Amino acid sequence: YLRDLNVLKARSCVEALAVIRELEVTVIVADLHLGDGLATSLLHMTEGDLEELAPIVLVSGTEDINAPREALSRGVELFIAKPVSGPQLRGSIDIAITRSASRTARIARSFARNVDGLLVAKVPSFLCGHDVVVARSSASAGGGDLIFDQVLHMRRRIVLLDVMGHGVSAKAWAIAYAALCRGLCHARPLDNCAEFMQKLAEIAWREQAMDSVVATALAIDVFEDGLIEIASAGHPAPMIVKDAGAVQVVVDGSLLGVIAPEPYELASVRLQHGERLVLVTDGVDAGDVAAGGVLPDWLICACGNPDLFVSRGRELGQIATLKLGAQPKDDWTVVVLGASSQVDQA
């Protein structure tokens, strides 16, 4: 064992490639010269075949002074000259794994920053007779949370969507879903949110490129007369927070891209004075909320705060950051709506 990793052996590039394709490999340690070629050829043999290749540590006794530079320029993480001691090898493996993880995290953070505007709409603080606050945070390499709102006939639609997975690929698929959602809203503006969800699910099910993508989604339509309609595709249940605690809004529907979609349920609510409708992604409490549980107590308390809308959600964001961390393990989003005494000027 090295760094608590199980060691798997391969005597050639072909054997190594078979192991890499079959198992999740953390690091590759190889001699430069293998029986059927150079170990650097693994970098090319796996192109387009694997989402990401584990970092490679090359060990060689070659006298070619250009070999290290050439190997590193091709993507090898570390090049070590023989002879190599056990402590030196273990240290090099640690360095390679840490370097690779740090680089991946930096890429994910950069990508997330650049695409954030495509995934997160600036939901207004007041719409259709309701005060609204939004709090959210992104993980350095988290999932693909999406939130947007759309003006439709006599109503506003808010959509929350969470692509399962982590890193750049989840963010990329969230962008694809954002385009699909907006396109459907423009193409079918009279559909209710259950019909919208049905069409979105049909695309996810039929589109071959989305075979490996699973997502949950929640759509609400907020009408000018105060009615709120809700449809869900396996998303954490909306909650109505009031003085007596929190009550789930029961609305069922299959996850996007998992099974052939059936018609989605349509639930409706009207918020009374003091009640808040809370929408979340599972990053707020992945272990419980995603399994159908209620919101964590700290979130119920924060959403029930009488000054929630006065502070525009600042305290909610601060409390969530305190509970989930400044760099959370997963993206999280919270949207809270409450019946307002304001007069809509729109």
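Out of (1) closer than 28 Å to K329 by Cα; (2) not in a strand (DSSP E or B), the odd one out for L184 is which? It fails just one condition, (1).
For region 33-62, which residues satisfy the criterion of being of a type in the set (A, V, I, L, M, F, W, C) and at pLDDT 85 or above? Scanning region 33-62 gives A54, I56, V57, L58, V59. Against the conditions (1) modelled with pLDDT of 90 or more; (2) touching an Asp or Glu at 6+ places or on another chain (Cβ under 7 Å), C185 satisfies every one except (2).
Condition check ((1) hydroxyl-bearing (S, T, Y); (2) in contact with a strand residue (DSSP E or B) (Cβ under 6 Å, 6 or more places away or on another chain)) across all residues:
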position: P55; (1), (2): no, no
position: L58; (1), (2): no, yes
position: G61; (1), (2): no, no
position: N66; (1), (2): no, no
position: S73; (1), (2): yes, no
position: F79; (1), (2): no, yes
position: G86; (1), (2): no, no
position: L89; (1), (2): no, no
position: D94; (1), (2): no, no
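Restricting attention to region 232-257, the residues being β-branched (V, I, T), open to solvent by 70 Å² or more (accessible area, probe 1.4 Å) and not in a strand (DSSP E or B) number 1. Scanning region 185-220 for residues that are closer than 21 Å to S169 by Cα and among the polar types (S, T, N, Q) returns Q208, S212, T216.
Just one of the numbered conditions (1) part of a strand (DSSP E or B); (2) open to solvent by 20 Å² or more (accessible area, probe 1.4 Å) is not true of A179: (1).
Taken over region 41-66, the criterion of being out of contact with any Gly (no Cβ under 8 Å at 6 or more places or on another chain) and not in a loop (DSSP other than H, G, I, E, B) is satisfied by S41, L42, H44, M45, V57, L58, V59, S60. For A209, are the conditions met, namely being in a helix (DSSP H, G or I) and open to solvent by less than 10 Å² (accessible area, probe 1.4 Å)? The answer is no for A209. For region 258-278, taking the residues that are farther than 16 Å from I240 by Cα and of a type in the set (D, E, K, R), the one that is least open to solvent (accessible area, probe 1.4 Å) is identified as E265. Scanning region 25-48 for residues that are of a type in the set (D, E, K, R) and either touching a residue at least 24 places away in the same chain (Cβ under 8 Å) or closer than 11 Å to L8 by Cα (or both) returns D31, D36. Among the listed residues V19, V84, which satisfies the condition of being modelled with pLDDT of 80 or more, open to solvent by 20 Å² or more (accessible area, probe 1.4 Å) and part of a loop (DSSP other than H, G, I, E, B)? Answer to the selection: V84.
Matching residues to (1) over 18 Å from V123 (Cβ atoms); (2) of a type in the set (D, E, K, R):
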{"site": "R188", "(1), (2)": "yes, yes"}
{"site": "D191", "(1), (2)": "yes, yes"}
{"site": "Q198", "(1), (2)": "yes, no"}
{"site": "I228", "(1), (2)": "no, no"}
{"site": "G234", "(1), (2)": "yes, no"}
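Filtering region 290-346 to residues that are under 23 Å from I228 (Cα atoms), modelled with pLDDT under 85 and open to solvent by less than 40 Å² (accessible area, probe 1.4 Å) leaves G293, L295, G313, S340.
The values are calculated or read from the model by the stated rules, or taken from the named source; none is laboratory data. Model, not experiment: these values are computed from the prediction. Glycine gets a Cβ as well: all are built from the backbone with ideal geometry, and neighbour counts include every protein chain shown. The accessibility values were calculated without ligands, DNA or RNA, using every heavy atom of the protein model including side chains. Shrake-Rupley method; radii C 1.70, N 1.55, O 1.52, S 1.80 Å.
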